[in-house]
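Input: a single structure, listed below in structure tokens.
The values are calculated or read from the model by the stated rules, or taken from the named source; none is laboratory data. Everything numeric in this text was worked out from a predicted model, so none of it was measured. A quick note on method: Cβ atoms are made from the backbone with ideal geometry, for glycine too, and the neighbour counts reach across all protein chains shown. Heavy atoms of the whole protein, side chains included, go into the accessibility calculation; ligands, DNA and RNA do not. Shrake-Rupley method; radii C 1.70, N 1.55, O 1.52, S 1.80 Å.
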Amino acid sequence: MPHGSLSLPARLCLLAWDAAHPAADGSAHRPGLVRAGALVELARRGLLTDEDGIATPVDLDASSGDAVLDGLLELVRESCPHPWRTWVTLRTRVTFDAVREQLVAEGYLRAEKRRVLGVFPSVEYALERVAVVDVLREETRQILRGPLPAAEISERDAAVAALVAAAGLLGAGTPDQRAEELTERAGASTPGLGRILREVSTALATGPAVATSP
């Protein structure tokens, strides 16, 4: 995928963004999906690990160098232990808002200040790099439905696609076999990541339904 420097939660935020129905509060843009991406990214980087189904920081002093990921890591450290599925839904706006502001700073989103009823200040967000997001969506569709063997897909792209499939984005459903192949590929070189990805995917699949982006 292009712009490989984008983290998993940033990619997922862009993939889920509904350009036709922008929302100032982000409710249409799947905060749970963005949180799931952040959890998987932290696990991929070796900063969170699975301890009997509990998301557990590996090191109390380590950091990722990414403000969004480090914010979530700090939240996990300061909270009571929770399973992965709980973290997909617990205080998700913290992560979503941080990713959104990060994307504004990097020029992928645009923040537009408005006044509700001409009095109350508000901020709406819109896609700035529409063409980039269109490419991301098309390449993700190809991973989900195309003929390319899972073994030839990068582990990061496989993780993104597996989470997109679990959330039901990008139209028609992904066959279970393909979703499982992508999950296995995503965790090929990270011990325990396959299990973590399955846990957060289950949480996404059973969460509240939200209209998909075109």
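Remark: the residue 51-residue 91 segment gains 12.3 nm on full extension, using 0.36 nm per residue and subtracting the alpha carbon distance.
Spin-label pair residue 78-residue 126: with each label point 7 Å from Cα along the Cα-Cβ axis, the two points sit 3.5 nm from one another. Note on segment 64-137 and segment 169-183: Cα centroid distance 25 Å, given to the nearest whole angstrom. Shown in residue order for segment 146-158 are the 3J(HN,Hα) couplings computed by the Karplus curve 6.51 cos²θ - 1.76 cosθ + 1.60 at θ = phi - 60°: x, x, 5, x, 4, 5, 9, 9, 5, 5, 5, 5, 5 Hz (x for Gly and Pro). The residues of the chain expose on average 46 square angstrom of accessible surface per residue, using a 1.4 Å probe on protein heavy atoms.
When you count the other C-beta atoms within 10 angstrom of each residue and take the mean per peptide, 102-111, 84-93, 57-66 line up highest first as 84-93, 102-111, 57-66. Ranked from largest, the principal axis spans of the Cα set of the chain equal 53, 43, 30 Å.
I'd like the carbon and sulfur percentage of the solvent accessible area for segment 61-192, probe radius 1.4 Å, heavy atoms only, ligands and nucleic acids excluded. If you can, show how the numbers build up before the last one.
On the way: 3650 of 6800 Å².
Answer for segment 61-192 is 54 percent, counting heavy atoms of protein chains only.
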